[in-house]
Amino acid sequence: MYLPNHFAETRTEVLHDLMRTHPFAVLVTFDATGLVANHIPMELDPAAGPLGTLRGHVARANAAWSGHRAEVEAMAIFQGPECYITPQHYATKAATGKVVPTWNYATVHAHGPLRAIEDAAWLRALVERLTARHEGDHQRASGAAPWQVSDAPASYIDGLLRAIVGIEIPITRVQGKWKVSQNRPHEDRAGVAAGLDAGTDPAQHAMAALVRERS
């Protein structure tokens, strides 16, 4: 990833926070056909290893686990807030006119060796943790009672567990990029934050907060 110093985020706790808040990752692996991307929710265990460990699961028929070349590290990409930035928000537009549009975003790239896990107990525990986490989020947002794995027939769940394979990636290196207008003058950053907050899109409000935080 192209990463100028002024956009780099190196604090592990900040990187972990984005990964937890935006857990739907792009898992990039490498097999005989070349690069392969899959989209899966991943769980971060921050205490497992110096940089943490990622866990998830894929369909047994998915070659992400069976075809991946062990000598090549896998990569998981986590996308945080992102949005288009119009030059209309820049004070510099009125002063010189020398402005162009851009896109602001925050993202984390986590690398590490991929290990496939077929143990049924491990898989069930992972699925239960993922379900509890995301059903909890849904409950808070909707007020609905959370669904639990035990709500489904045991034989049905056992069959589904046989159809998936676990993925574990101990993180060996991680990059964070917060491109949130740090390269603009103070007046332009203030204009971006105010302009984004004036809209109704929650994604713009999230970006406005990041712009102010990094200003």
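The values are calculated or read from the model by the stated rules, or taken from the named source; none is laboratory data. Computed from a predicted structure; not experimentally measured. For neighbour counting, all protein chains shown are included, and Cβ atoms are generated from backbone atoms with ideal geometry for every residue, glycine included. The accessibility values were calculated without ligands, DNA or RNA, using every heavy atom of the protein model including side chains. Shrake-Rupley method; radii C 1.70, N 1.55, O 1.52, S 1.80 Å.
Couple of notes before you dig in:
- Calculated from backbone phi, Karplus (6.51, -1.76, 1.60) coupling profile of region 119-126 in Hz, x at Gly/Pro: 5, 5, 5, 4, 5, 5, 4, 4
- Rel. contact order, % - alpha carbon contacts under 8 angstrom, at least six apart, region 1-89: 31
- Region 202-208 - phi-based ³J(HN,Hα) in whole Hz, Karplus 6.51/-1.76/1.60, Gly and Pro as x: x, 5, 5, 5, 5, 5, 4
- Working note: Karplus 6.51/-1.76/1.60 with θ = phi - 60° gives region 161-166 the couplings 4, 6, 9, 10, 10, x Hz, where Gly and Pro are set to x.
- Sparse packing (at most 15 other Cβ atoms within 10 Å of the Cβ) combined with a DSSP loop state is found for the following GluC sites (Glu not before Pro) in region 46-131: E71, E118.
- Heavy-atom surface of region 93-187, accessible at 1.4 Å and reported per residue (Å²): 56
- Carbon + sulfur, % of accessible area of region 119-167 - ligands and nucleic acids excluded, 1.4 Å: 58
- Residues with amide H under 5 Å from that of G112, placed H, sequence gap 5 or more: A74, T172
- Answer label for Rg and Dmax of the Cα atoms in Å (calculated), chosen among (1) 18.2, 54; (2) 16.2, 44; (3) 20.4, 69: (3)
- Residues with amide H under 5 Å from that of I167, placed H, sequence gap 5 or more: G56, H57, V58, I117
- Taking amide H as placed 1.01 Å from N in the peptide plane, T102 has its amide H under 5 Å from the amide H of I85, each at least 5 places away in sequence or on another chain.
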